[in-house]
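Chemist: Here it is, the structure in full.
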Amino acid sequence: MVVLKSPEDIEKMRESNAIVAEVLEILRELAKPGVSTLELDRKAEETTRKRGAIPAFKGYNGFPYSICASVNDEVVHGFPSKRPLEEGDIISIDFGVCYGGYYGDAAVTIPIGSVSEKARRLVAATEEALRRAVEQARVGNRLGDISYAVQSYVEKEGFAPVRDYVGHGIGTRLHEDPPVPNYGPPGRGLVLKEGMVLAIEPMINEGTWEVRVKENGWTVVTRDGKLSAHFEHTVALTREGPRILSLPA
Ligand code: MG
């Protein structure tokens, strides 16, 4: 069941998402060669609690950390670790909070120092895919228009959208209906309505779209060991068009 949000709900979600955006900006500044993803995790949790919010992922279905830190071939749900980041890595950070009963959720992929041309192109294409997908989050469009915007663009760039993990509705729960796939034909699926709030999150692989889950039961990696990138915004569908809630204040 898709829960439609009132303008008041959306204002509250904007507050949660502004905290998410602030934390991601702080982590982007900190993510340098020599810094561990466990340090980033600590900073995220500390900043979130200072704002009076709760890290949404910690404890969610037993997930042990505040951020998902997915490095290189890790797609999503990577565990922060003591391993220092190295020049040439790309790191996807997915982060969510709950504030005043409403959730916010966003992700960015950050290149560490100078990265390969392939990595740079993958990160740029994934970010552009998100921009194009958000552009389709309009009242009267279909859900498939969002999915198709991602798939058609990244495949043209020579990359592949992950199929086993998808975006989602979001509100007073972290994951709500509808699922928001990053692949599929345009003009199909749910008709988009005013008041829907969607976490749109292209997960894009350099090689095959196929993935597997590591021994820790969480971390998703590419099956071929090639790179993966991930960007996400929480987006409200308003009469005036898509409104990205997870931008810095
Ligand atoms: Mg999400």
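Chemist: What percent do you get for the relative contact order of region 1-117 when only Cα pairs under 8 Å and 6+ apart count? All intermediate terms of the calculation are to be shown ahead of the outcome.
Modeler: Working: 224 pairs, mean separation 35.3, N = 117.
It comes to 30 percent, rounded to a whole number.
Chemist: Using 1/(1 + (r/R0)^6) with R0 = 25 angstrom and r between the beta carbons of GLU8 and LYS50, what's the FRET efficiency to the nearest 0.05? Could you put the intermediate results ahead of the total?
Modeler: Numbers: r = 25 Å, r/R0 = 1.01.
Calculated transfer efficiency: 0.50.
Chemist: Sequence gap at least 6, Cα distance under 8 Å: using those rules, report the relative contact order of region 96-180 to the nearest whole percent.
Modeler: Details: 76 pairs, mean separation 23.4, N = 85.
That works out to 28 percent.
Chemist: Under the classification rounded if a/c is under 1.5, otherwise prolate if a/b is larger than b/c and oblate if not, where does region 1-145 fall, given a ≥ b ≥ c as square roots of the Cα gyration tensor eigenvalues? The partial results should precede the final answer.
Modeler: Values: a/c = 2.14, a/b = 1.25, b/c = 1.72.
Oblate, because a/c is 1.5 or more while a/b does not exceed b/c.
Chemist: Shifting gears a bit: Sort ASP41, ASP145 so the one with the fewest other Cβ atoms within 10 Å of its own Cβ comes first. Walk me through the numbers on the way to the answer.
Modeler: Values: ASP41 25, ASP145 21.
Starting with the residue having the fewest Cβ neighbours, the order is ASP145, ASP41.
Chemist: Also, I was wondering about something else. Which part of region 164-205 falls in the paramagnetic zone of VAL213, meaning amide N under 12 Å from the point 7 Å along Cα-to-beta-carbon?
Modeler: Label zone hits: 165.
Chemist: Could you give the length gained by full extension between SER36 and GLU240, i.e. 0.36 nm per residue of separation minus their alpha carbon distance, to one decimal place? Intermediate values should be presented prior to the final figure.
Modeler: Numbers: separation 204, 0.36 × 204 = 73.44 nm, distance 4.16 nm.
Computed gain between SER36 and GLU240 is 69.3 nm.
Chemist: Per DSSP H run of n ≥ 4, the term is -39500 (n - 2.57); total these for the chain, divide by its residue number, and report the mean residue ellipticity at 222 nm rounded to 500 deg cm²/dmol. The partial results should precede the final answer.
Modeler: Values: 4 runs with 71 residues, N = 249.
Result for the chain: -9500 deg cm²/dmol, rounded to the nearest 500.
Chemist: What number, in percent, do you get for the relative contact order of the chain if the mean sequence gap of Cα pairs under 8 Å and at least 6 apart is divided by its residue count? Kindly include the intermediate steps, with their values, before the conclusion.
Modeler: Numbers: 663 pairs, mean separation 59.8, N = 249.
The normalised contact order for the chain reaches 24 percent.
Chemist: Name the residue from ASN205, ILE10, VAL35 whose Cα lies farthest towards the positive end of the charge dipole of the chain, charges +1 on Cβ of Lys and Arg and -1 on Cβ of Asp and Glu.
Modeler: Of the candidates, ILE10 comes out farthest on the positive side.
Chemist: In nm, to one decimal, how far is the LYS118 label point from the GLU22 one, both placed 7 Å along Cα→Cβ?
Modeler: The two pseudo-label positions are separated by 4.0 nm.
Chemist: Between region 198-237 and region 37-93, what is the C-alpha centre distance in whole Å?
Modeler: 15
Chemist: Excluding residues on the same chain fewer than 8 positions from LYS193, give the aspartates and glutamates whose Cα lies under 17 Å from its Cα.
Modeler: Qualifying aspartates and glutamates at Cα under 17 Å: GLU8, ASP9, GLU135, ASP145, GLU176, ASP177, GLU240.
Chemist: Which of rounded, prolate, oblate describes the chain, given a ≥ b ≥ c as roots of the alpha-carbon gyration tensor eigenvalues and a/c under 1.5 marking rounded, otherwise prolate only if a/b is larger than b/c?
Modeler: Working: a/c = 1.75, a/b = 1.15, b/c = 1.52.
It comes out oblate by the Cα gyration axes.
Chemist: Mind sorting PHE63, PHE95, PHE159 by how few other Cβ atoms lie within 10 Å of their own Cβ, fewest first? Don't jump to the answer; show the numbers that get you there.
Modeler: Numbers: PHE63 15, PHE95 29, PHE159 24.
The order, fewest Cβ neighbours first, is PHE63, PHE159, PHE95.
Chemist: Let me ask you something else. Among all the lysines, which ones have a C-alpha under 23 Å from LYS214's C-alpha, if same-chain residues fewer than 8 places away are not counted?
Modeler: LYS58, LYS82, LYS226
Chemist: I need HIS175, HIS233, HIS168 ordered by Cβ neighbour count within 10 Å, fewest first. Working shown, then result.
Modeler: Numbers: HIS175 16, HIS233 26, HIS168 20.
Final ranking by Cβ density, sparse to dense: HIS175, HIS168, HIS233.
Chemist: Quick one: Karplus J couplings for region 131-137, per residue in order, coefficients 6.51, -1.76, 1.60, θ = phi - 60°, nearest Hz, x for Gly and Pro?
Modeler: In residue order, the calculated couplings are 4, 5, 5, 4, 4, 8, 7 Hz.
Each reported figure results from applying straightforward, stated rules to the coordinates on display, with no laboratory input. The model shown is predicted, which means the values in this text are computed figures rather than measured ones. Here the Cβ is made from the backbone with ideal geometry for all residues, glycine too, and neighbour counts use every protein chain on show.
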